[in-house]
Every structure is written in structure tokens, then in C-alpha cells.
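The values are calculated or read from the model by the stated rules, or taken from the named source; none is laboratory data. It should be emphasised that the depicted structure is a prediction, and the values quoted were computed from it without experimental measurement. Cβ sites come from the backbone with ideal geometry, for glycine too, and all protein chains shown count toward neighbours.
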Amino acid sequence: MASTISAAARAYADHCLELLQGLGPCAARRMFGGWGIHLDGVTFGLIVADRLYLKADAQTEARWREAGGEPFVYQSQGKAIRVLYYTPPDATLESPLLMLPWARLALEAALRARATRSTRAAKPASGGSAGVSGKRSSGSARKRSTTR
């Protein structure tokens, strides 16, 4: 049975997008029973159970906590899993102007996380397998020879 999006859930997602509009054209996409908030392909926010969470990292987590932000926590296999997303200060939830510095903080954290992932992916793995060395495997050679 396909899940349906309630009008209230869509309205809250739209409200959050309005709050975040100072960053640019953000989009909300359904994911895991909630929403992911994206700008230019970068996920920097979540909406879960009608609560907005914005991306934090080691550089910014203390600021989120000092502002009273609550971390996003979910249950997996009987364990509480905390991820680096925090609720923004209550005062920001009705004002795009007040939300903007927090939205920027979240987007910057998301961009740093993306850069870190890109750097790790670009580093060659240790070891000498043919796939890592850049040499074509025999499967690639067979494929190449059949496409001539």
C-alpha cells in the first residue's frame, strides 16, 4: 500500500522551505517517513515527525547545543542512534530572517561533510589490487573487445 502524504505534513514542509528561502531555492523530498531538505543537491536538513532538524558537525555542534537545539535521535535494533542534526532555536521557526544564520550554519556543515567524503573517495586505497591500480580487468578487456 503506497504511503500518503498528509496535507498537514506537506504544509509543514512548505513552511520550513519558506523559512529557509534566504539560502536559495530549497527543495523537500520524501525520505524515510519524513523529508530531506536540499539545496543544489546538498542535504542540510530533515523534517521528522513535524520537527525541523538542521545539519551540524564537530565545528558547530556546541553552538546548536548552546542555543537549546535537540539532536535527532532514532532507534535501530534497540539502540538510540544520534546523528548530527539539531532543532533550530524556537524563535527562528516563524522568521526567515532569524532562521537564515542557522540555515547557513547547517549548509556549511553539510558542505564540509561532502568535501570530506569527496576527499576520502579520491584517495587511493592501500593494497595492490588491479582495480585500485587503475589497470583494466580481464572483464573490461572482454567487454571492450565485444563492442568493436
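Listed values, structure above:
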| quantity | calculated |
| --- | --- |
| Any chance Leu54 is touching an Asp or Glu at 6+ places or on another chain (Cβ under 8 Å) and among the aliphatic types (A, V, I, L, M) | no |
| Single residue of Ala80, Ala106 found to be loosely packed, with under 14 Cβ neighbours inside 10 Å, out of contact with any Cys (no Cβ under 8 Å at 6 or more places or on another chain) and at pLDDT 95 or above | Ala80 |
| Every residue from the range 28-37 that is of a type in the set (A, V, I, L, M, F, W, C), more than 13 Å from Arg10 (Cβ to Cβ) and either surrounded by 11 or more Cβ atoms within 10 Å (Cβ to Cβ) or touching a residue at least 40 places away in the same chain (Cβ under 8 Å) (or both) | Met31, Ile37 |
| Residue that is surrounded by the fewest Cβ atoms within 10 Å (Cβ to Cβ), among those in the range 83-102 that are part of a strand (DSSP E or B) and in contact (Cβ under 8 Å) with a residue 24 or more places away in the chain | Leu84 |
| Residue within the range 53-68 that is without any contact (Cβ under 8 Å) to a residue 12 or more places away in the chain and among the β-branched types (Val, Ile, Thr) present | no |
| Members of the range 30-65 found to be over 22 Å from Gln75 (Cα atoms) and among the charged types (D, E, K, R), listed by number | Asp40, Arg63 |
| Whichever residue in the range 109-128 is closer than 29 Å to Tyr86 by Cα and among the polar types (S, T, N, Q) and, among such residues, is modelled with the highest pLDDT | Thr116 |
| Matching option when the condition is more than 20 Å from Thr116 (Cα to Cα) and in contact with a helix residue (DSSP H, G or I) (Cβ under 7 Å, 6 or more places away or on another chain), among Leu39, Leu20, Leu54, Leu46 | Leu20 |
| Pick from the range 44-73, criterion aliphatic (A, V, I, L, M) and either within 13 Å of Pro89 (Cβ to Cβ) or under 12 Å from the mean Cα position of the chain (by Cα) (or both), ranking: surrounded by the most Cβ atoms within 10 Å (Cβ to Cβ) | Leu54 |
| For Tyr53: the one exception among (1) in contact with a Phe, Trp or Tyr (Cβ under 8 Å, 6 or more places away or on another chain); (2) farther than 17 Å from Leu98 by Cα; (3) aromatic (Phe, Trp, Tyr) | (2) |
